[in-house]
Structure formats: structure tokens, C-alpha cells
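**Q** Okay, here's the structure, questions in a sec.
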Amino acid sequence: MIETKDKLFGVVDLNARFELTKFKPVRAILKSRWMPLLPILLNLFIFVIILLAAFTGGYSAGNYNFGIMIVWILWWVLLMMMLVPGLSRAWCMMCPFPIFSDWAQRTKLFDVKTGKLGGLNFKWPKKLSNMWVMNIAFLVTTFFSGFMTVMPFATFILLGIIILGAFIVGLVFEKRTFCLYLCPVSGFQGLYSQFATVEVRRKDWDICKNHNPKTCFVGNENGYGCPWLRTPFDFQKNTYCGMCLECLKTCPYDNMAINLRPPGVDLLVETKREPKGLDEAWKAFIMLGIAIVFYLAFQGPWGFFKDMVRGATLPGYLGYIAFHATFNLLIIPGVFFVFAYLSKRLSGNTDVSLKTIFTNFAYTLIPMGLGVWMGFSVGILLPNGSYILRVLSDPFAWGWNLFGTAQIPWTPVLTGVMGYLQGAILIVFFAFAVGYGWLLAKQIYADAKQAKRGFVPILTFLTLITLVFLWLFVG
Amino acid sequence: MKITKPIVIAITLVLTVAFVALVYFGMTHARGAPVAVPPLKRATLVSHYKTKSLDLTQGVALADWADIPGTEVELVYQVMVLPWSKALIPAVTAKSFHNDTELYVYVSWKDDAENRNLSTGEFGDAVALMFPLADDVPPSTLMMGFLGKQGVNVWHWKATQDKEFWSKESVSNDAYSDFHYPFEEQETLIVSKSALQSAISDLIAVKVTTTTAKATQNVQGRGVWDASRGEWRVVFKRALSATNLKEDAAFGHGTRKLMAFAAWAGDKGDRGGRKSISDWVQLEFR
């Protein structure tokens, strides 16, 4: 853990940690090989039903389809509102998609295979060992959002491609290469997990320093070397830690811990192994831009835009793709660049590069974007959540009533106050963005005066974004 | 077994072909195995044939509707477009009859307050009926904005308009700024409106924000608020035959027509898109 003197909002000690694994039962559970195999198997079962429902659902109405409702209402909302901000990449821990390639590589599901793993074990190209491929993959996936969120079969195709891709990539490349660099869902989880209130970290550096070989990296009879190709003994950010728990199992000194921590601590971290990069900055821009476009498309009043997104006409759909890509890849970063440039000019600093200012301040968009997505998720859950009760009882729309909830009518909940709820969430996360923005300004610029002047344009940008979303949410 | 390049290539090919075949099968068998989908349970409003007609200048009399069975239509929040409704009118009760030339629809709903005036932060109560002009409409009214090129015919009764039309009373303060700007022949900010022909606006719409008054206003109506029961009763009246099939909903004895309801509670802040709406209701002429 990197010690910092800074305090968030002047009061929150960013070095504060509470180790959850200091409790013996917790550590015992997490060190068992049943973890995370059990939740993975449970999710595998759920996703089999999702795939079957999405396949048999075909082109039928998405609101009565188990696949659509569980993936795009329940899972997405859980991910954005609880799993990522609370538990970091806990979803990656229990994601069932890589289980087939893991099995093929290890030839074992439960026990540990020592020695070289199976598969071709190619290394992923260094130039692509970042978020760029995931950025494009996620953006391209959203081109089809107007179909995936309403048409069960489109969801089936998407999930099928991801599962197939994870398996084949796992046969060709080493360990969890797919999760690290290709999975469309992985990128934003990695980015936003920097804000999470949970982390996996080593406890005592001296123990790790003197421990050879580093079993958390190379593995031993208790577990595999980090499947995510990290070095658990010294990583400082959640971004690429898939929380697979192998390092807790392989450390003979119980020197790995799962900690509770103040949200957002990783935003201030910059090490040689984990530098702040343009790939992550663009991920933040893309996520913010997609949130705006999705809001306009799915919760906004502009019918013509909805028609474009759902492909009512080919020219309209191509127009949407062109606008969506340009807006996310160029316009949002371009606007932010102007504010970054103003920051440099106002600060009066000539030593720090504009690229550094642009990249580092882009990390303020992590809490901002997370808040926006949480607000958007509230807008999905409250009006549509009641459909979930219905599809649980009748997952294939075959007239079943497993839990007696199949006849529950569509019942929007608290929609009268929804806008205010979304606004409140947004303001809380705006506060985090401003709080961390100020700390980043102090990191970027040489002295407090420069930092104050240089932070003004960024504060203005964050305020404008917040006002735009407040207008969208509250109307 | 050692996983070699040829094995990986073979697995990749087999799985990819299998997946593509599965997708093709799914696309050509959209719902998988044939499934008997039960028909949607829609509320039905029967328009009974009667020989009588109603004179709306005499108000709305309960006795005229006493022998006609009502249909309770559940409403839900409008949450498709902003602004979303803040309050819910849970249901309206609808009745209908027709004679050889006219259709009558009666709508009542609980409302503790009569709101017939407009002011800053003050809005009127209202109710509307919506009829699709085309036959092939989406299965839900929630997507009112996407009813196709032909759109819908909407009959919108407003308590404020009712007061203006029937009582000839103003519903808002007559305070206008720059009604006539000095030296200008025309109104600079248009606040005058054409003389009301009815308590009901006869409208057409093809999607959200396109609601437009028709050139010919064919619907009459009247509403009364019953203070003792805290209830609105509104009657709509229109000729059975359509004046213009492109704009007017078509009806006829022995036919069926979809319709939907919307209601506004002015004291709860309902106006415009802030309203409670129903799903489609089957209107049957017997």
C-alpha cells in the first residue's frame, strides 16, 4: 500500500484499512478451493438458463424474457450499483465464462495442477496489453444495445460470442488473457474498481521481499500463480486484479489480505508497473459518453433517436453508429482536452506535460462516471424491476409459475421520486470527483497555488457534466 | 492430452461452425420449439347498442349510465419519457354505448380535489382516450411514441377547458405582457386562442411531442366533479362514422377497436407527460 498524507475532503484518511481476512473463518473460506468455484458453478447454472431462455425467446418481447431481464436489469444494476463500487471485481471472481478455458488449461476443476498449464500458452502482444482492445470491444458492443436489451436472441448471440471467445482465447493464450485484455465487460469493471471499497493487497512488504520463489506469481501445490498475470506481492491498484483468490491460497505466510478501504484510493496511485495511461483515460471518456447516449436512447423523450438506435431504418442506424463512435472517441475527449489545456495555461506550470495533465485529470471521471451509471441503473431498476419477479417464475415463457409470481403485473416503483434519487447519487459522486480532482491537482502541479489555478477548469468540466445529467435525470 | 496447434484449430473450427449453425437455427426458429402463447388478457369495454342519445347541455346524469355495466381499467405511471408522473391514478371506470349515429364513452375516477384552474404551479385535472388509426399496432400503449406513420386519434378532456367551454369562465389570470407590442401589427407573443368548439380537444399524434389539434374538432364532451363521492365523471360523444379516416378513429356496430386511457391529477402536479396511463383496452360494439 502506498502511504499518502492526503485526506479526502480534508478528513478521510486514505491510508485507513480494515482487514476482512483477519477473521479466521473468513480466511479459511477464501483459502478453500471451493471458493470461488461454488459461486462460479451457481452462476454457470443461472447462465445456462439465461442462454436457453434467450435462445428460445427469439424475437419475442424482452420484458418477459428471463435472459433479457436477468442480464440487463438485474445483473447490470447489481454490477454498477453494488458489485463494482462495493466489491471491486467480485463479478470477475464468480464469472462462469472462463471456466471452460481454465478447465482446459488446468485439466482439473477443483484440485491444483502443478507444472506447466495446458494450451498453447502464447503471450499476448505487449502493445495490446492495455485497455484499448476492450475499449473498442465495449464500444462496438453498445452499437447493438438497441437490439440486445429488447431482443432475447441478440443477447444469446452476444453471450455466445463472449463464451466462445473466452474458450478459444484461453486455448491459444496464457491464463486469463481474455479477461485481461479482451472481455468487453472487463474494461469498465477494471476502471471503476479503482473506486471500490474493497481491495486484495499484500500485508507486509518485508515478508514478500524475502520470499522466494514468489508463490503468488508462480503458484504452488495450494493454488495457481496469478491467473491474471499480476504480481500480487506488489500491485497497488484493483484495475487488473480479478479477485480470483489464488494468491490467498498460494501465500504460505498468509501475507495476502482483503481489506475494506475508503472509496477511490487507487485514483491517486501511479507506479512504474501501474502507470496512469491514455487507455484508461479513454475508457473513462467512453463510459461517460455511452452513459449520455444510453440515457438519450433509453430514458429520454427523443423518439427519432430511439428509432435510430433500434435500427428502424438502415441509414438511421448507421447514423447512430457514426454519432455514437464519434461522440465517445473524439468529442468527449476533445472537450476534456480543452479543459486540460486551460488547466495547464491557468496553472502557469511549464514543466508538466499537457499529456500528463490530460491523462491524470481524466481519472476524476471514474467517480463521476460511476455516479452517472448508478443513476442510470436506478432508472432501469425502479420502472422495470417488477418484471424480474415475473420471469423468475416463468423463465421460458412456457406458462410456468414456479414461485407464484408469474402473474405479477408490471409495477413501477418509486418512479415519482426517481429523478431526485438519481440526482442525489450524482451529487454524491460529483463530490468524490471534486475531492479526488483536487488531490490529483496537488499531485500534478508543483505547488498549491498552481494546483488551485489548474484545478478550476477541471472543476468547471465536472460541474458542467453534473448539471447536464441533473437536467437529464430531474428534467 | 497435450493441446497442440492442430487441436486448437480443430476445436476453434468445430465450435465456431456449431455456434453459427445454432445461431442460424435460432434465427429461423425464433421461438425455438413451437409454443402456444396464451392471448394477452386485455380489459374489454363493451359499447352497448341503445336507441337513446344524450344532451350534454343538461350535464352528466348518473341515471343515464346506471344500466350500463362498467369496466375497471387499471392505470400505471407514465415512465417512458420525461417528465415522469409523480402520482398515480390507479384506475378509471369506463362505460360505453352507441346508437345508430353516435358513440358515447363515460369515464369516472376517484379524485379528492376538483382542479379546474390554471396558475403558476396549479394544473387542471384531465382524462384522455386514445385510438390507434392503424390496425397493426404494437402490443402495448407504453410506446405511444412509436405507433407508426398513421399515429393515433386522441380525445383529450380537460377540466379547465370544460369550465371555459360550458361555464364561459376564465380559468387563468388575464395578465399578459407584450400582448401587442407598440408599433407592431401582430401579437409578438401569441397568447390569444381560437374560440373553443368543445370541452374536448380532438387531436392526432404519431409519437411523443407531436400531439396536434385536428382541423376539424369532432368530439363533444362534458365533465362533472361529484364532491360527495370525490369523483370525476366525464362523457365523450362523437359521431360513429369518421369524418376523415386518416385522422378520425373509425367505429361501427359489430366491430372491435383498441383504445387506451390516460388521466391527470392536477393537484398532484400532473400535466403533459405526467399522467397515469392504461394498456390497450378492447372496445367492442355490440
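**Q** Residues that are charged (D, E, K, R): which helices (runs of 4 or more DSSP H) entirely in the stretch A:360-449 hold 1 or more of them? Steps first, answer last, please.
**A** Values: elements: A:365-384, A:386-393, A:418-444.
It comes to A:386-393, A:418-444.
**Q** Tell me, please, whether a residue that is small (Gly, Ala, Ser), more than 14 Å from every other protein chain (Cβ to nearest Cβ), within 30 Å of B:ILE89 (Cβ to Cβ) and surrounded by fewer than 19 Cβ atoms within 10 Å (Cβ to Cβ) can be found in the stretch A:416-428. If you could, list the steps in order and put the result at the bottom.
**A** Within the stretch A:416-428, the first condition is being small (Gly, Ala, Ser), and the residues that meet it are A:416, A:419, A:423-424.
Add one more test, that the residue is more than 14 Å from every other protein chain (Cβ to nearest Cβ), and what stays is A:424.
Narrowing the set further to residues that are within 30 Å of B:ILE89 (Cβ to Cβ) leaves A:424.
Cutting the leftovers down to surrounded by fewer than 19 Cβ atoms within 10 Å (Cβ to Cβ) gives us A:424.
Taking every residue of the stretch A:416-428 in turn, at least one turns out to be small (Gly, Ala, Ser), more than 14 Å from every other protein chain (Cβ to nearest Cβ), within 30 Å of B:ILE89 (Cβ to Cβ) and surrounded by fewer than 19 Cβ atoms within 10 Å (Cβ to Cβ).
**Q** Could you give me the residue pairs with C-beta distances under 6 Å whose first residue belongs to the stretch B:98-122 and is closer than 19 Å to B:ARG271 by Cα, whose second residue is basic (Lys, Arg) wherever it lies, and which are 6+ apart or on separate chains?
**A** If the second residue must be basic (Lys, Arg), the pairs left are B:SER108/B:ARG233; B:ARG116/B:LYS163.
**Q** Consider A:PRO275 against the criteria (1) closer than 22 Å to A:VAL133 by Cα; (2) of a type outside the set (A, V, I, L, M, F, W, C); (3) touching a strand residue (DSSP E or B) at 6+ places or on another chain (Cβ under 9 Å): it satisfies all of them except one. Which criterion is unmet?
**A** The failed condition is (3).
**Q** Looking at (1) under 24 Å from the mean Cα position of the chain (by Cα); (2) within 30 Å of B:ARG42 (Cα to Cα), which is the only condition A:ALA424 fails?
**A** Single failed check for A:ALA424: (2).
**Q** Then there is this: Considering B:GLY223, B:GLY230, B:GLY252, which residue is more than 18 Å from the chain's Cα centre (by Cα) and within 22 Å of B:LEU75 (Cα to Cα)?
**A** Selected residue: B:GLY230, the only one of B:GLY223, B:GLY230, B:GLY252 that is more than 18 Å from the chain's Cα centre (by Cα) and within 22 Å of B:LEU75 (Cα to Cα).
**Q** How many residues does the stretch A:385-409 hold that are within 9 Å of chain B (Cβ to nearest Cβ) and buried (at least 19 other Cβ atoms within 10 Å of the Cβ)? Don't jump to the end; show me each part of the working.
**A** If we filter the stretch A:385-409 for residues that are within 9 Å of chain B (Cβ to nearest Cβ), which is where we start, we get A:396-399, A:409.
Retained after the next criterion (residues that are buried (at least 19 other Cβ atoms within 10 Å of the Cβ)): A:396-397.
Selection size over the stretch A:385-409: 2.
**Q** Filter the stretch B:228-286 down to residues that are charged (D, E, K, R), farther than 15 Å from B:GLU102 by Cα and part of a strand (DSSP E or B), then give me how many there are.
**A** Residues meeting the conditions: 4.
**Q** Identify all residues within the stretch B:201-227 that are more than 14 Å from B:HIS156 (Cα to Cα), outside any strand (DSSP E or B) and more than 14 Å from chain A (Cβ to nearest Cβ); write none if there are none.
**A** Within the stretch B:201-227, B:ALA215, B:THR216, B:ALA227 qualify.
**Q** Among what's in the stretch A:96-116 and is free of Cβ contacts under 8 Å to residues at least 60 places away in the same chain and crowded, with 18+ Cβ neighbours inside 10 Å, pick the residue that is nearest to the chain's Cα centre (by Cα).
**A** A:PRO96
**Q** Considering every residue within the stretch A:104-113, establish whether at least one is assigned to a helix (DSSP H, G or I), within 12 Å of another protein chain (Cβ to nearest Cβ) and not aliphatic (A, V, I, L, M).
**A** Taking the stretch A:104-113 as the starting set, the residues that turn out to be assigned to a helix (DSSP H, G or I) are A:104-106.
Narrowing further to those that are within 12 Å of another protein chain (Cβ to nearest Cβ): A:104-106.
Right, trim to not aliphatic (A, V, I, L, M) and you get A:105-106.
Taking every residue of the stretch A:104-113 in turn, at least one turns out to be assigned to a helix (DSSP H, G or I), within 12 Å of another protein chain (Cβ to nearest Cβ) and not aliphatic (A, V, I, L, M).
**Q** Mind checking which residues of the stretch A:276-295 are part of a helix (DSSP H, G or I) and either free of Cβ contacts under 8 Å to residues at least 24 places away in the same chain or among the charged types (D, E, K, R) (or both)? Steps first, please.
**A** Initially, the stretch A:276-295 is screened for residues part of a helix (DSSP H, G or I), giving A:278-295.
Those that are part of a helix (DSSP H, G or I) and either free of Cβ contacts under 8 Å to residues at least 24 places away in the same chain or among the charged types (D, E, K, R) (or both): A:ASP279, A:GLU280, A:LYS283.
**Q** Only strands (runs of 3 or more DSSP E) wholly contained in the stretch B:35-111 count here; list those with 2 or more residues that are within 14 Å of another protein chain (Cβ to nearest Cβ). Break it down stepwise before answering.
**A** Working: elements: B:43-49, B:71-77, B:91-98, B:102-110.
Where strands (runs of 3 or more DSSP E) fall fully within the stretch B:35-111 and carry at least 2 residues being within 14 Å of another protein chain (Cβ to nearest Cβ), they are B:71-77.
**Q** Further question: When you scan the stretch A:211-230, do you find a residue that is part of a helix (DSSP H, G or I), in contact with a helix residue (DSSP H, G or I) (Cβ under 7 Å, 6 or more places away or on another chain) and buried (at least 20 other Cβ atoms within 10 Å of the Cβ), even just one? Walk me through how you get there before you give the answer.
**A** At the first step, the residues of the stretch A:211-230 found to be part of a helix (DSSP H, G or I) are A:215-218.
With in contact with a helix residue (DSSP H, G or I) (Cβ under 7 Å, 6 or more places away or on another chain) added as a condition, the list becomes A:215-216.
From the residues that got through so far, the ones that are buried (at least 20 other Cβ atoms within 10 Å of the Cβ) too are A:215-216.
Checked the stretch A:211-230: at least one residue is part of a helix (DSSP H, G or I), in contact with a helix residue (DSSP H, G or I) (Cβ under 7 Å, 6 or more places away or on another chain) and buried (at least 20 other Cβ atoms within 10 Å of the Cβ).
We did not get these values from a lab; they are worked out from the coordinates using the rules stated. Keep in mind that this is a model prediction, so the values were computed, not measured. So basically every Cβ, Gly included, is an ideal-geometry build from the backbone, and we count neighbours across all protein chains shown.
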